[in-house]
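Here the structure is laid out as structure tokens; the discussion comes afterwards.
Every read-out reported here was derived from the displayed coordinates using simple, explicitly stated rules and does not represent laboratory data. Remember, predicted model here, so these are calculated numbers, not experimental data. Methodologically, a virtual Cβ is constructed for each residue, glycine included, from the backbone with ideal geometry; neighbour enumeration extends over all protein chains shown.
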Amino acid sequence: MFKSLFIYEFEKFWFKKINVVCFIAILIVNFLALKFALQSNKTAEMTDIVFSSSLNFHITSLQEMLITAFNAIVITFCILSFHEEYRKGYLRMTFTRGISISKLYIAKSLVMCLNIFLIILIHCIVSLLFALIFLPKANVSPLFFKEGLYSVIDVILFSIKYYILAYLSLLTFGSIIEFLSIKCKSIAGVLGLSLGFVFLNIVYIAYVPIVFKNYADSDPIVLNYSSISTMFIQAKGAAYFAAEITDVFLYSMIIIFLIFKSLSYLAFTNKHYLE
Amino acid sequence: MKSIIEVQNVSKTLNKRKVIQNMTFNIMKGDICGFIGPNGAGKTTLMKMATGLIKPNDGEILINGIDVQKDREKALSGVGAIIEVPVFFEYISGRKNLRNLARLNSGMDRKEQLNKVEEVLELVGLKDRGNDLVKNYSLGMKQRLGIAQSLLNNPSIVILDEPSNGLDPVGMKDLRELILSLAKKFEITFFISSHLLDELQKICNKYIFIKEGCIKWVGDADSLLMDKEKDLEEIFLDLMA
């Protein structure tokens, strides 16, 4: 039965044209990132971290897009899959059938995780292809928060860790928006609170260095406090993690993800649906 | 005869207002039961409780002898329902909507699920229009597609909340004939709320009248309409006075 529920949810996800548009948007956003990279390369040296080559474009473009395009896509997915279905009646047909609401929630969550993974995977493939075709070929590349130039193997290892934390940060951000989507009664409410959450994160990121002005940026205390901000992790934390400076961002993302997933689960399975 | 729905001392308070007050009634197998009351009487609230969408503050609702609150999955396994309005993905076909929902039919393999979709499309008279996008359907067709959705899991009872709302006379006649044929052919019990008393009078063998969350009258159509001088509308107005 769970397999059927999963396929049922997966099909529903792809019935929504806006979700399909989000996947197509990855191509466009990658193209814009490529345009920006070609522009930046004119004034940068190959040893500069801002220089995009065939070896590092999939990392630099992801870093640029994570906070903006990817978060926007996650907000869209959550609004359509949770808010719209929960509040506008699409789930009524499912809820009035003899199926487990807990299993339905798990199926929805897995479909969401799978589609965010596909978004990241498509981004990786497209950016690698764009880089191979349009950017200078390189055998070594600089990496975020690391001195010197690194070989292909080093870049691959860095990329895997970077992508894992980027994926986890999107899941965590998604779990927060999912909770808001279930609790808010209108789309305006979800959007307003989501943007409010992003704004608060940005204020927090700006506030931490002021409070800890006597500490270095990479001091463990500063990083620990910064680790509760998903935006900070998307901007810098994933690179700190990939550069093996600290693992605190991995743990904080897992904890925040589990907290908001549990809250969403309780809200979703509340027996007062539609009250 | 066997009770299909048993509502026992059910009460519900919403926003500090008592919407349902100590309501008790039974619906027997094969009944087509009209659930009648003015706006705000609590009809939709009771139907939402019967389909597990909200829970009562007191009392219990049993479907085929199983408490909806205690064993929701089992109790609702034989229920088809349209609460408020049928909801679809408008920009895909009616057939695709049904094929997607049919995935929830446990105990059927995919081939059986697809056969079931064709069977219900045939039953509601939408087989030829099954590949049209739902957004191009008339209100009557959407209502019939909603009934097709509710029939997908071979229900023993179908709960319809205001199914005739917005339908033109032809749509209402089609719906009426569909309900009567399903009740006759498959012995499906229907529990229908509506404001359209003429329509109910043509199909129901049992009525439940409610006002402000309380039952005003429950019984067979024959005993209610014994006085040939009065039609259902006049009886309704007398009861609500």
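Quick notes
- Calculated from backbone phi, Karplus (6.51, -1.76, 1.60) coupling profile of segment B:97-109 in Hz, x at Gly/Pro: 4, 5, 4, 5, 5, 5, 4, 7, 6, 6, x, 10, 7
- Here the sum of -39500 (n - 2.57) over DSSP H runs of 4 or more residues, divided by the residues of chain B, equals -10500 deg cm²/dmol at 222 nm, to the nearest 500.
- Annotation: amide H-H contacts under 5 Å for B:Lys216 (H modelled 1.01 Å from N, sequence separation of 5 or more, or interchain): B:Phe209, B:Ile210, B:Lys211.
- Annotated for segment B:2-111: lysine pairs at least 8 residues apart or interchain, Cα distance under 12 Å, count 5.
- If you wrap the tightest convex hull around every Cα atom of chain B and split its volume per residue, you get 126 Å³.
- Student exercise, segment B:1-102 dipole from Lys, Arg, Asp, Glu Cβ charges, in Debye to nearest 20: 200
- For residues of B:89-97, the mean tally of beta carbons on other chains within 10 Å: 2
- Sparse packing (at most 14 other Cβ atoms within 10 Å of the Cβ) combined with a DSSP loop state is found for the following trypsin sites (Lys or Arg not before Pro) in segment A:1-91: A:Lys42, A:Lys88.
- Distant alpha-carbon pairs in the protein assembly as shown (separation over 46 angstrom), percent: 28
- Kirkwood hydrodynamic radius of segment A:103-144, from inverse mean 1/r over distinct Cα pairs, in Å: 12.8
- Evaluated with a Cβ-only charge set (Lys, Arg +1; Asp, Glu -1), chain A carries a dipole of roughly 1120 debye about its Cα centre, given to the nearest 20.
- Rounded if a/c under 1.5, otherwise prolate or oblate - chain A, Cα gyration tensor axes: prolate
- Karplus (6.51, -1.76, 1.60) ³J(HN,Hα), θ = phi - 60°, over segment A:179-187, in Hz, Gly and Pro reported as x: 4, 5, 4, 6, 7, 6, 8, 9, 5
- Note, ³J(HN,Hα) from phi for segment B:174-189, Karplus 6.51, -1.76, 1.60, rounded to Hz, x at Gly and Pro: 4, 5, 4, 5, 5, 4, 5, 5, 5, 5, 6, 6, 10, 6, 7, 8
- According to the Cα-based calculation, Rg over Rh for segment A:157-275 is 1.04, with Rh computed by the Kirkwood formula.
- Since only B:Ser193, B:Leu14, B:Met240 are under comparison, the one whose Cα sits farthest along the positive direction of the charge dipole of chain B, derived from C-beta charges on Lys, Arg, Asp and Glu, is B:Leu14.
- Taken residue by residue and averaged, Cβ atoms of other chains lying within 10 Å of the Cβ of A:86-94 number 4.
- Between segment B:161-190 and segment A:208-262, the Cα center-to-center distance that results, in Å: 60
- Listed peptides A:43-53, A:62-72, B:45-55 by packing density, highest first (mean Cβ within 10 Å): B:45-55, A:62-72, A:43-53
- Computed log10 I(q)/I(0) for segment A:215-275 at 0.16, 0.25, 0.30 Å⁻¹: -0.56, -0.97, -1.22, from the Debye equation with unit scatterers placed on every C-alpha and solvent omitted.
- Remark: mean inter-chain Cβ contacts per residue of B:177-186 equal 0, using a 10 Å Cβ-Cβ cutoff to other protein chain atoms.
- Net charge dipole size for the protein assembly as shown [Lys, Arg +1 and Asp, Glu -1 on Cβ; Debye, nearest 20]: 280
- Ellipsoid semi-axes in whole angstrom, largest first, where each is sqrt(5λ) of the Cα gyration tensor of segment B:20-148: 30, 19, 13
- Three semi-axes describe the equivalent ellipsoid of segment B:84-189; taken as square roots of 5 times the Cα gyration tensor eigenvalues and ordered largest first, they are 20, 17, 12 Å.
- Rg and Dmax of segment B:125-233, Cα atoms only, in Å: 15.4, 49
- Ranking A:Thr230, A:Leu191, A:Tyr163 by how far each Cα lies toward the positive end of the dipole of segment A:133-230 (charges on Cβ) leaves A:Leu191 at the top.
- Stokes-Einstein diffusion for segment B:113-167, with the hydrodynamic radius set to the Kirkwood value over Cα pairs and evaluated at 37 °C in a medium of 0.692 mPa s, equals 280 µm²/s.
- The residue list B:Gly30, B:Gly125, B:Gln113 was ranked by how far each Cα lies along the charge dipole of the protein assembly as shown toward its positive end, using unit charges on Cβ atoms, and B:Gln113 comes out on top.
- From the alpha carbon centroid of segment A:32-82 to that of segment A:97-165 is 12 Å.
- A simple packing score, the average count of other Cβ atoms within 10 Å per residue, orders the peptides A:208-220, A:250-262, B:85-97 as B:85-97, A:250-262, A:208-220, with the highest score first.
- Viscosity 1.567 mPa s, temperature 4 °C, Stokes-Einstein D of segment B:1-91 from Kirkwood C-alpha radius, µm²/s: 93
- Sequence of B:Asp222, B:Asp231 once ranked by neighbouring C-beta atoms within 10 Å, starting from the fewest: B:Asp222, B:Asp231
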